[in-house]
Amino acid sequence: AKADGRNRHHFYSRALHGEIQRQQQLRHDLRAALDAGQFWLAYQPKVNPASGELLGAEALLRWNGPDGPVSPAMFIPVAEETGLIVPLGRWVLREACAQARRWSDDGHALPVSVNISAAQFGETGFLETVQEELRASGLSAHLLELEVTETILMRHVEHVQRNLAALRALGVQVSIDDFGTGYSSLSYLHEFPVTTLKIDRSFLAPGRSGPQATALITAIIGLGRALNLQVIAEGVEQPAQVRALLDLGCAAMQGYLFAPPLPPAAFEAWRRDWPAQ
Ligand code: C2E
Ligand code: CA
Ligand code: CA
Ligand code: CA
C-alpha cells in the first residue's frame with residue numbers, strides 16, 4: 001500500500017509538472033504573439049434600428065496565429081489562466097482608446113466598449129491602468145465603456161463597488177455583459193453603479209424564441225427600466241427579433257443582422273453606408 005501511495009504521488013506530480021509546462025508554453029506563445037503584433041481588434045456596431053442611430057462599437061480581440069486565426073473562446077481562457085490577460089487586456093484597452101480617439105478626431109465620435117476579464121478587474125492597479133490609458137490616448141472618459149460580467153460583480157463585492165464608483169466618477173460607462181446567465185443577485189444589482197444591462201444572446205437564440213425566452217427578455221427590460229439602466233440586446237440575427245425587441249421597448253441592438261465584428265477599415269466602410277436602405 002505504501003509503494004502504491006508513492007507511485008500515485010509520483011504520477012500526480014508528473015501530471016502536475018506536465019500541466020505547469022503546458023501552461024508555461026501557452027503563456028509563452030501568447031506573450032510572443034503579443035510581442036509579434038499578432039493581435040488586432042475587430043469592431044462590432046451597436047445600433048438603434050428604429051432611429052438609425054449608431055450607438056457605439058464593441059472591440060473584440062482577434063489573434064492571427066502562425067496557423068491561422070484562433071478564436072477568443074480558445075485563447076481568452078488560456079490568457080486568464082496564465083495571467084497573461086493582464087498585459088493583453090491592457091493592450092486591448094490602449095488600442096481601443098486610440099481607435100476611439102481617432103474617431104473623435106475625425107469628427108465622428110463614437111463610444112467604444114472593451115471587455116474586461118475578472119482577473120483584470122480584480123488587479124490592484126486596474127483603476128490606475130484605465131486612467132493612464134485614457135490620459136495617454138487623450139480620449140474623453142465618457143467615450144469609453146467597460147463590459148464586465150456578473151461573475152466579476154459577485155466576486156469581491158466591496159472592492160468591486162469601489163472600483164465601479166471610481167470609474168463612474170471618471171465618466172466611464174459600465175455594462176453588465178451576458179446578463180441573465182450569471183449568478184448576480186437581484187437584491188445586489190442596484191448597489192452596483194453600472195449604466196447598462198446587456199441581454200445575453202442565448203436568450204435570443206432561435207431555439208429559445210418561445211414564450212419563455214420572451215418572458216425572460218421582458219423581465220430584463222423591466223428590470224433595466226426599474227433601475228434606470230440602459231438595456232441592449234446582443235446576437236440579433238433576424239428581422240423578427242428586431243420587431244419583437246422594439247415591441248418590448250428595447251431599441252439598442254447588436255448582432256450579425258447589422259454587422260459582424262469588422263476590421264477597422266471595413267467598419268469605416270460599413271459606417272458610411274449605415275443606416276442601409
Ligand atoms: P462577448 O463579449 O459576449 O462578445 C460577443 C460575441 O458574440 C463575440 O464573439 C461576437 O463576435 C459574437 N456575436 C456578435 N454578434 C453575433 C450574432 O448575431 N450571433 C452570434 N451567434 N454571435 C454574435 P467573439 O468575438 O468570438 O468573442 C467571444 C468572447 O471572447 C466574448 O464574448 C468575450 O467574452 C471574449 N472576448 C473577446 N474579446 C475580448 C477582450 O478583448 N477581452 C476579454 N477579456 N474578453 C474578450
Ligand atoms: Ca462583450
Ligand atoms: Ca456578451
Ligand atoms: Ca459571452
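At a glance:
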| quantity | calculated |
| --- | --- |
| Accessible solvent surface per residue of region 159-277, calculated while the other protein chains remain in place, 1.4 angstrom probe, Å² | 51 |
| Magnitude of the charge dipole, the chain, Cβ model with Lys/Arg +1 and Asp/Glu -1, debye to 20 | 500 |
| Packing rank of 15-22, 213-220, where each peptide gets the mean count of other beta carbons within 10 Å, highest leading | 213-220, 15-22 |
| Convex hull volume per residue in cubic angstrom - Cα atoms of region 25-105 | 107 |
| Candidate residues Tyr183, Tyr188, Tyr256, Tyr43: accessible-area rank, largest first, probe 1.4 Å | Tyr183, Tyr256, Tyr188, Tyr43 |
| Sulfur and carbon atoms: percent of accessible area, the chain [1.4 Å] | 54 |
| Taking all pairs of distinct alpha-carbon atoms in the chain, Kirkwood radius in angstrom | 20.3 |
| Heavy-atom accessible area per residue - region 1-156, 1.4 Å, Å² | 53 |
| Trp40 accessible area, assembled protein chains, probe 1.4 Å, Å² | 80 |
| As computed over region 143-277, the Cα convex hull volume per residue (Å³) | 125 |
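The values are calculated or read from the model by the stated rules, or taken from the named source; none is laboratory data. Note that the coordinates shown come from a computational prediction; the quantities given were computed from them, not determined experimentally. Glycine gets a Cβ as well: all are built from the backbone with ideal geometry, and neighbour counts include every protein chain shown. Accessible surface is based on the protein model in full, side chains and every heavy atom, while ligands, DNA and RNA are left aside. Shrake-Rupley method; radii C 1.70, N 1.55, O 1.52, S 1.80 Å.
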